[in-house]
1. Which angle between 0 and 90 degrees, to the nearest 10, do you get for helix 234-247 versus the longest principal axis of the chain when only C-alpha atoms count?
2. Over the chain, with the other protein chains present, what is the accessible area per residue in square angstrom, probe 1.4 angstrom?
3. Given an 8 Å cut-off on Cα distances and at least 6 residues of separation, report the relative contact order of region 342-436 as a percent.
4. Given the rule -39500 (n - 2.57) for each run of at least 4 DSSP H residues, summed and divided by the residues of the chain, what is its mean residue ellipticity at 222 nm, to the nearest 500 deg cm²/dmol?
5. Based on alpha-carbon centroids, what's the gap between region 209-236 and region 89-103 in Å, whole number please?
6. Might you report the magnitude of the Cβ-based charge dipole of the chain about its Cα centre, with Lys and Arg at +1 and Asp and Glu at -1, to the nearest 20 debye?
7. Of all beta bridges DSSP finds with both residues in the chain, what is the antiparallel percent, to the nearest 5?
8. Return the FRET efficiency for the residue pair ASP266, ASP488: r is the Cβ-Cβ distance, R0 is 56 Å, and the value is rounded to the nearest 0.05.
Amino acid sequence: MSQQSVSDLKSFLINGEWVSNPTESFESINPATGEVNYRLSVATALHVDAAVASAKAAAALPSWKEMLPHVRAQILMRIAALIVERGDELAGLQMAENGKVWSECKAQAGSAAATFRYYAAVCETLGAEVTPSRGNYLSMTSYEPYGVVAAITPWNSPLTMEAQKVAPALAAGNAVILKPSEITPSAGLLLGEIALQAGLPPGILNVLTGNGAITGKSLVQHPGVRMVSFTGGTASGRAIGMMAAERLIPVALELGGKSPHIVFDDANLEAAVESIVGGIFEGSGQSCVAGSRLFVQSSVYDKLTALLVKRGQAIKLGLPDAPGSQMGPVSSFAHRTRIEQLVASAVAEGGQVLLGGQRPEGQEFEQGAYYLPTIVAGLDNQATAVREEIFGPVLCVLPFTDEADLIAQANDSAFGLASGIWTANYQRAWRVARALETGLVWINTYKQLSISTPFGGFKDSGIGREKGVTGLRLYQQSKGIYWSMDPDNFPVAATASTES
Ligand code: NAD
């Protein structure tokens with residue numbers, strides 16, 4: 001892992017050049033130790049201007065605009081290969097900035113490479129369409145890039161989130177300006193370096209560091225940006241959606257969640273417990289699809305909660321790079337304070353803490369932003385901790401009586417990202433999966449993800465779908481082309497033939 005000294009000021013990437021801002025900078029803090037990793041430059045509105053100008057110019061050059069899909073695919077494949085080659089470096093940067101354990105960071109670096117490979121294949125094989133015509137003409141649909149796309153990402157999984165946006169947006173023929181979270185800026189910077197190394201023309205991927213209020217907002221409001229792809233919190237997503245509406249540009253919003261994980265009384269309880277624990281405590285609960293509301297059928301409620309508490313006690317908390325660590329710190333000290341406030345609200349509203357509910361004891365945890373795996377019972381579906389996304393290692397357990405009660409409770413949420421169902425009854429699994437208002441449903445499993453399956457949320461969890469072929473089309477606009485085959489080239493359609 002390439003660690004710079006604290007006095008180094010990391011630069012950002014515009015038009016293939018590394019640019020720094022010596023007058024405005026911010027710190028990257030390691031949440032496992034509280035130490036400063038390094039300082040980074042803030043990209044201001046002027047830098048955003050320069051980045052958009054360079055992206056616009058690069059996207060218009062024939063060398064990019066007319067690059068054949070199979071050639072573009074080769075660049076994406078080279079990026080994938082370099083991500084594999086530099087996987088430890090990428091994983092190390094993410095681990096130092098968001099505190100996720102080494103095994104998860106490594107797996108995410110592998111997943112980022114796989115995403116570039118997948119979109120290389122889609123880029124090379126995806127066709128346009130000839131559609132049925134209503135006369136002596138050929139009607140076609142072609143797909144064209146927007147031009148300059150802004151990709152804005154959160155801190156919880158920068159490696160995968162950034163690949164998920166940058167790879168399809170490039171495959172679709174755009175130039176991209178990536179603005180990683182101010183908490184996890186380095187993986188994006190290294191991706192910029194890798195893209196240049198792989199032969200991506202300068203300006204086609206620019207990477208700007210800084211916060212949402214200055215760098216992010218300037219980017220979304222810039223007239224040269226023609227599409228915004230955002231992953232992050234619902235409040236920021238709403239603010240970005242409003243700015244985009246003003247500008248009449250499309251947005252894709254992948255937002256927060258409060259996903260129900262559901263256990264019926266006929267389920268394999270041991271398997272369900274493993275899945276529930278992984279679904280909420282992996283990554284210290286900092287996953288948009290974390291199964292943070294657990295609904296258990298009343299007849300197995302006591303048995304399941306007892307198994308769960310026992311399994312939760314066995315989770316090994318530790319430094320992210322210590323062998324055997326299963327859970328590291330949360331991403332920042334400010335975030336831990338918010339988690340603590342939400343757990344306090346749960347207790348004030350009548351919740352009983354069955355597990356955790358506090359910081360861990362021990363010298364190795366003193367300097368870091370650690371919080372114990374926490375299980376709270378006794379709340380109803382209206383409690384603050386059940387309604388708000390905590391985005392930490394906190395599970396709220398609620399009982400339900402029957403299928404109708406479960407569906408009513410599970411759907412009574414502003415969010416609709418994911419859900420999980422545990423049952424041995426396949427008809428019920430189907431009925432409940434169809435009734436849940438979520439963009440993803442797992443049945444007798446949880447958190448399985450494939451790059452080929454569209455991903456996104458219902459309700460306040462977002463707009464648009466990433467991943468899959470849909471995830472490439474997200475970065476293109478369709479164009480209908482009508483081409484007369486009549487030797488006389490009839491000038492305009494007669495009224496009778498214009499009905500659609
Ligand atoms: P956040 O919304 O605070 O920030 C996300 C990014 O947006 C950052 O880069 C930030 O600088 C930028 N930003 C913030 N306000 C902005 C504005 N007004 N204009 C432009 N840019 C702005 O989110 P976070 O705290 O970094 O991440 C956690 C959130 O992300 C959680 O709510 C989580 O559920 C969500 N998330 C969703 C998914 C998904 O796919 N649905 C995946 C991962 C994380």
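The values are calculated or read from the model by the stated rules, or taken from the named source; none is laboratory data. It should be emphasised that the depicted structure is a prediction, and the values quoted were computed from it without experimental measurement. All Cβ positions, glycine included, derive from the backbone under ideal geometry; neighbour counts span all protein chains shown. All accessible areas refer to the heavy atoms of the entire protein, side chains included, with ligands and DNA or RNA removed. Shrake-Rupley method; radii C 1.70, N 1.55, O 1.52, S 1.80 Å.
1. Approximately 20 degrees, to the nearest ten.
2. Normalised by residue count, the accessible surface of the chain is 41 Å².
3. 23
4. Computed mean residue ellipticity for the chain: -12000 deg cm²/dmol.
5. Comparing the Cα centres of region 209-236 and region 89-103, I get a distance of 25 Å.
6. 580
7. 45
8. On the way: r = 71 Å, r/R0 = 1.26.
It comes to 0.20.
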